[in-house]
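Reading through the structure tokens given below for one structure.
The values are calculated or read from the model by the stated rules, or taken from the named source; none is laboratory data. Note that the coordinates shown come from a computational prediction; the quantities given were computed from them, not determined experimentally. For neighbour counting, all protein chains shown are included, and Cβ atoms are generated from backbone atoms with ideal geometry for every residue, glycine included. Keep in mind that these areas ignore ligands, DNA and RNA; they rest on the heavy atoms of the full protein, side chains included. Shrake-Rupley method; radii C 1.70, N 1.55, O 1.52, S 1.80 Å.
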Amino acid sequence: MRTAQCRFEDIANEMSQVEALRDQARMKAFGQLERRASTIAGMLLQLLGSRDRAARWMCMRQRSLGGRTAYEALAEGDFDLVWDQMLGVPGVD
């Protein structure tokens, strides 16, 4: 039974490390967005209120973007579509 417990601890630790790497990548990507598309990044910050929430939104798959993330849509040149999606963020007046 002790071996199973250690394995679960190893799994939990590995998942924590993966999550930390994901957080770092998300914030690094948002930093790039701030440098390359500052208008979009600034509007997201204004709409969502924090850099973390804005960075998470950019990474979320959006049905209205065809199941893509906003980064994927931007990479394909769909800036207007991303802008329209941002203005439709729930909870934003």
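Against the condition at pLDDT below 95 and exposed (fewer than 15 other Cβ atoms within 10 Å of the Cβ), how does Arg22 come out, does it pass? Here the answer is no, as Arg22 does not meet what is asked.
Scanning region 36-73 for residues that are of a type in the set (A, V, I, L, M, F, W, C), free of Cβ contacts under 8 Å to residues at least 40 places away in the same chain and in a helix (DSSP H, G or I) yields Ala41, Leu45, Ala54, Ala55, Trp57, Met58, Cys59, Leu65, Ala70, Ala73.
State whether the residues of region 1-11 include one that is open to solvent by 60 Å² or more (accessible area, probe 1.4 Å), not in a helix (DSSP H, G or I) and not β-branched (Val, Ile, Thr). Can you show your working first?
Applying the first criterion (open to solvent by 60 Å² or more (accessible area, probe 1.4 Å)) to region 1-11 yields 1-3, 5, 7-11.
Remaining after also requiring not in a helix (DSSP H, G or I): 1.
The next check asks that each one be not β-branched (Val, Ile, Thr); those that pass are 1.
Yes, because at least one residue in region 1-11 is open to solvent by 60 Å² or more (accessible area, probe 1.4 Å), not in a helix (DSSP H, G or I) and not β-branched (Val, Ile, Thr).
Among the residues of region 45-68, those that are under 16 Å from Lys28 (Cα atoms) and either out of contact with any helix residue (DSSP H, G or I) (no Cβ under 7 Å at 6 or more places or on another chain) or not aromatic (Phe, Trp, Tyr) (or both) comprise Leu45, Ser50, Arg51, Asp52, Arg53, Ala54, Ala55, Arg56, Met58, Cys59, Met60.
Report the residue count in region 50-65 for those that are at pLDDT below 95 and open to solvent by 70 Å² or more (accessible area, probe 1.4 Å).
Filtering region 50-65 for residues at pLDDT below 95 gives 62-65.
Subset that is open to solvent by 70 Å² or more (accessible area, probe 1.4 Å): 63.
So the answer is 1.
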